[in-house]
Structures are given as C-alpha cells and as structure tokens.
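Presented below is the structure to which this report refers.
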Amino acid sequence: MKYRLKNIKGTRMFFAVLFIAISSLVSYGASPQTPKREIKEDLYITQNTAARGSAALINTSLSDEEQIKAVIDAYFTVRYEGQKSIVAQDFSFLVQDETSEWVKKERDKREIELYIADLFDLGYQSYEFYLDYDSIKIDGDQATVQLRESHQVVFNAIAPEVSYMSNLEHTISLIKEKDGWVISKDDYQDELSSLIDSASIDDIKKQIDENFRLSSEPQDQDPPAINEEVQTPFVDSSVQTFPYYRVEAVYYADTHIPTTDCPTCNYNTDYYVTEYLGSTCVDCTNFVSQALYAGGGTSPPDTKGMPAEADRVWSQTMHYIFNYPPGYPNGDPSGPWYNVTYQWNFFGLYDNKIGPVGTQTYNICYTQIGDIVQLYSTEDGWFHEGMIVSKGYDCRSLQTTLVDAHCDDRFHYPLAHWSSFGMRYIHITGYRSDQVSSFSDVQPTYWAWQEIERLYDSSITGGCAINPLRYCPNNNVTRAQMAVFLLKGKHGSSYTPPPVGTSTGFSDVSIYH
C-alpha cells in the first residue's frame with residue numbers, strides 16, 4: 001500500500017496538537033549575513049516533556065498508522081526547519097534512545113550540513129518535503145516503515161532558483177511506548193552518510209574549509225591533485241573530433257531526473273539502470289555518460305558514436321551494449337561508462353578512442369556546463385560524480401555552480417552541498433568519431449553534419465537524390481516541404497496526416513496537393 005504525504009503546515013491535525021512544541025524548537029532569523037564558521041552545541045534544546053505530552057494527546061484521536069506518520073512528519077520537519085534557520089534543532093523527543101549510535105550519527109550529519117549551510121549561505125529560504133510511503137508494517141508495539149523522501153528547496157545563495165532531491169529511501173523503525181510511537185532507528189544512505197562513518201567531524205570540516213577557501217580566494221596556481229596526477233593522453237589522428245553540444249547534454253540531464261514538478265522526467269528506460277552493483281550505487285556515472293553521449297550527437301538505443309564490437313575494450317573504451325540478453329539486469333556498460341575512476345582514466349589515457357574527449361583538471365574555473373565533477377573521500381576514493389548544468393558569474397563559486405546527479409537524485413543542486421569531499425573535474429572539449437556520412441555531399445567536417453545525420457536517422461528526410469545519396473544542403477526548402485518536415489518532426493517519421501476534407505483552407509493548395 002502506498003501513501004504520499006506532502007508537508008504543508010496547517011493541513012494536518014498533528015500540527016495543531018504539536019505546534020507549541022515545534023515552534024519552541026525553531027529559532028527564526030538566525031541565518032547570518034557573514035559565516036559564523038561554528039554551530040554551537042548548546043543550541044540543542046530539551047523539550048521532552050512538552051512534546052511527549054502532545055504525543056499523548058495524539059493517541060486519543062489518531063489510529064496507530066496516523067500516529068506513526070505524524071511522528072515521522074515531525075522528525076523531518078525539525079530537520080528542515082534547522083536547515084532554514086541554520087540552528088541545530090533537538091529531535092530527541094521523537095526517538096526512543098537519544099544515546100543510540102544512529103542518533104549520534106544523525107546529529108553529527110546535521111552538524112556538518114549546518115556547517116556547510118552557514119559557510120556557503122545554503123540555508124533554506126523556503127522548502128517543501130514529500131514522503132512517499134511504500135509500506136507501513138505494524139506488529140504489536142513495533143512498526144517498520146519504508147518511505148522515499150523528496151524535496152524542493154530554495155537556497156539563500158541562489159534564490160529564487162529551485163533545487164530538487166528525489167527518492168531518498170528510508171527504513172524507519174518505531175516502538176510504541178506509553179506516551180505514543182517513537183523512532184528507534186532511521187536507516188538511510190546519502191552521500192554524506194558513508195563519510196560520517198569513516199572520517200572525524202574535524203577532518204570533514206577541514207575539507208569543507210579548504211573548499212570554501214578555494215571558492216573564495218584568488219588562486220595563483222591550480223589546486224594540487226588529490227592522490228594522483230593529471231594524465232596526458234596520446235592523440236590518435238585516425239578518428240575525428242567533432243563539437244560537443246553542451247546545451248544538449250544539460251538538457252538530457254535535466255529531463256532524466258524525477259522531480260516533484262516533473263514526475264515524467266524519469267530515468268531513461270532505453271538504458272539499463274545500473275543503480276546498484278552489490279551495495280554500491282553506480283548509476284551516477286551511467287547517468288553522466290548518457291548525458292555525454294547526448295552531447296556527442298546521438299541518442300539511445302542507437303550505438304552510433306561508439307566503437308565497433310571488435311574495438312571494444314572493457315577498461316579502455318566508452319561504450320554501452322543495449323538490449324543485452326535477459327538475465328543481465330545491468331546491461332553491459334564498459335568501465336569508463338559506469339565507473340568514476342575508469343572514466344577519469346579514459347579521459348587521461350584513452351580519449352584518443354571513439355567517444356568524448358576532454359581534459360582533467362582540479363581547477364573549477366576551467367569548467368563549463370556539460371562538464372563533470374567527481375568526488376573523493378579517504379574511505380571510498382573517487383566514488384561519485386555529477387554533471388555541471390549551470391554556472392554563475394564567479395567561476396570559483398561552489399554556491400552558484402549547480403549540478404545534476406543520480407544516486408542520490410539531485411536537480412540543480414549547489415556544488416557546495418558536496419563541499420565535504422575532495423573534487424576534481426573533466427572539461428569536455430569534443431566528441432571523437434570514425435563515422436562516415438550518410439550523404440555523399442555532407443562530410444563529417446560540415447558544420448551541420450550532426451543535425452543532418454539526426455534528421456536522416458529519424459527518417460524525417462531522405463535526402464534530395466540517390467545514386468549516390470545526396471542531401472543538397474544549400475538548396476532552398478519550399479513551404480510545402482517544410483510542412484512535411486514539421487509534422488514528421490513532431491509526430492514521427494511514420495505519421496500520416498488525416499484527410500483535409502473538402503478544402504485545405506488555402507486557395508493555392510488543393511486537396512490533392
């Protein structure tokens with residue numbers, strides 16, 4: 001059974017009951033004009049008595065399922081209000097044991113999130129969060145809830161831009177006590193969760209401070225490489241380099257992330273979703289590679305722009321075999337297609353081969369939209385990436401550099417959100433191909449070759465002559481021909497318009513034209 005809860009204050013009975021408790025937790029007007037650089041621990045407030053008293057009132061009027069959703073809603077509301085005010089909020093009144101390990105980890109994580117928000121001005125100017133309940137299982141005084149968290153937020157630094165996060169999975173366990181239901185564990189995994197497990201708070205803050213320094217101060221030289229050197233590939237002259245269409249790469253990325261405003265903007269089902277290999281989410285690189293492929297001028301499931309079968313080397317070439325036989329749920333992507341490190345090595349050692357070509361850098365000022373950012377942690381190495389989809393006027397700014405990503409699904413998110421990690425970038429400069437033209441009079445060096453090939457591949461045009469097949473790129477197009485192009489472009493190559501009836505509506509166009 002599925003439920004969806006949209007958080008809007010005043011719409012649910014819970015907030016009428018718990019209003020005093022939550023309002024006493026939230027400190028408004030705390031968002032600074034300049035970074036405080038420290039979130040004080042003594043801002044945690046204890047409100048157990050008032051909150052538990054309110055929970056008792058809930059018990060008299062709500063079913064167990066309604067109580068559970070009310071407690072979970074309050075738990076998320078406290079977190080989001082903390083990000084809005086940039087003040088740490090106490091949520092101990094909603095949990096069974098505030099000394100448990102998961103509560104400590106959650107507090108540490110919220111401390112890091114507030115530290116980033118304070119430093120980079122990423123407090124929420126406004127927010128709405130959504131909880132999609134996949135299941136609620138109640139067994140006596142215990143309950144297990146499976147849900148997916150999504151939100152749309154406006155960060156102070158980039159207002160009025162709206163950023164989205166979608167489908168973060170939570171498994172929440174609850175215990176029923178005499179005063180009502182309380183949370184015994186919230187189990188979920190986002191980018192920061194694994195880092196909290198392996199690094200100290202002080203070390204994480206040092207990385208954040210370093211990223212803040214790099215985004216704020218003029219740099220006389222490039223930042224040092226992290227754990228490896230920038231590589232220089234051998235260039236093979238047997239393949240040609242064509243333009244990389246950045247806008248199309250970004251458009252692809254934007255339209256394949258589900259958001260609350262665009263539920264149809266989903267994962268591209270023409271590709272296999274490589275969301276997990278074992279316990280590791282790997283669809284981040286698969287998603288970026290798809291966008292790179294779109295920027296190179298081709299769309300799935302066509303394999304144009306990829307190496308021929310005999311030339312595919314799993315660790316060195318960038319390819320994806322579509323429609324792999326049943327039994328292989330992840331399809332057959334190459335290492336550079338779905339793995340962060342293999343992809344970096346491709347651009348450093350093997351981008352003389354067919355596929356995108358680019359340069360490795362640790363300097364964000366060398367990047368543009370359609371480029372790649374990769375993340376580093378001491379525990380996982382280079383483990384995650386996204387595509388840059390927007391840049392502000394200051395090339396150094398992590399606040400105004402926005403990214404799209406899968407795992408977790410993020411749309412137009414400030415890069416500063418990832419400032420707890422080391423970063424490196426791949427600047428895409430073109431797309432290599434050994435393709436030959438379909439038309440004898442349009443060579444791959446022609447400025448509109450990619451667009452003409454797309455029209456032909458889509459059966460929107462068949463050219464102007466055959467034997468040999470020609471396109472006649474400099475010929476004029478009549479209004480009659482343009483009408484056919486437009487309708488096929490909109491409805492597909494097999495589209496046949498309905499009969500016009502007794503008149504076309506134009507005196508110079510008969511119904512037999």
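Here is how the numbers come out for the structure above:
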quantity: Residue list for the range 428-476, filter: under 25 Å from Pro336 (Cα atoms) and either aromatic (Phe, Trp, Tyr) or surrounded by fewer than 20 Cβ atoms within 10 Å (Cβ to Cβ) (or both); calculated: Thr429, Gly430, Tyr431, Asp434, Gln435, Val436
quantity: Residue match in the range 82-95 (condition: within 25 Å of the chain's Cα centre (by Cα), of a type in the set (A, V, I, L, M) and either outside the structural domain of Asp64 (by TED's automatic domain parsing) or within 23 Å of Cys407 (Cβ to Cβ) (or both)); calculated: no
quantity: Candidates Ile388, Ile369, Ile364, filtered to the one that is farther than 19 Å from Asp203 by Cα, touching a residue at least 60 places away in the same chain (Cβ under 8 Å) and within 15 Å of the chain's Cα centre (by Cα); calculated: Ile369
quantity: Residue list for the range 466-492, filter: assigned to a helix (DSSP H, G or I) and among the aliphatic types (A, V, I, L, M); calculated: Ala480, Met482, Ala483, Val484, Leu486, Leu487
quantity: Filter result (in a helix (DSSP H, G or I) and either at pLDDT below 75 or crowded, with 23+ Cβ neighbours inside 10 Å (or both)) within the range 295-337; calculated: Gly295, Pro336, Trp337
quantity: Criterion violated by Phe155 - all others in (1) within 22 Å of Thr99 (Cα to Cα); (2) in contact (Cβ under 8 Å) with a residue 12 or more places away in the chain; (3) not aliphatic (A, V, I, L, M) satisfied; calculated: (1)
quantity: Selection count, the range 397-425, where residues are assigned to a loop (DSSP other than H, G, I, E, B) and modelled with pLDDT under 95; calculated: 3
quantity: Pairs, first basic (Lys, Arg) in the range 454-483, second surrounded by 11 or more Cβ atoms within 10 Å (Cβ to Cβ), C-beta under 6 Å, six or more apart; calculated: Arg470/Phe439; Arg470/Ser440; Arg470/Asp441; Arg470/Gly463; Arg470/Cys464
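The values are calculated or read from the model by the stated rules, or taken from the named source; none is laboratory data. Please read these numbers as outputs of a predicted model, since none were measured by experiment. Please note: Cβ atoms are built from the backbone with ideal geometry, for glycine as well, and neighbour counts cover all protein chains shown.
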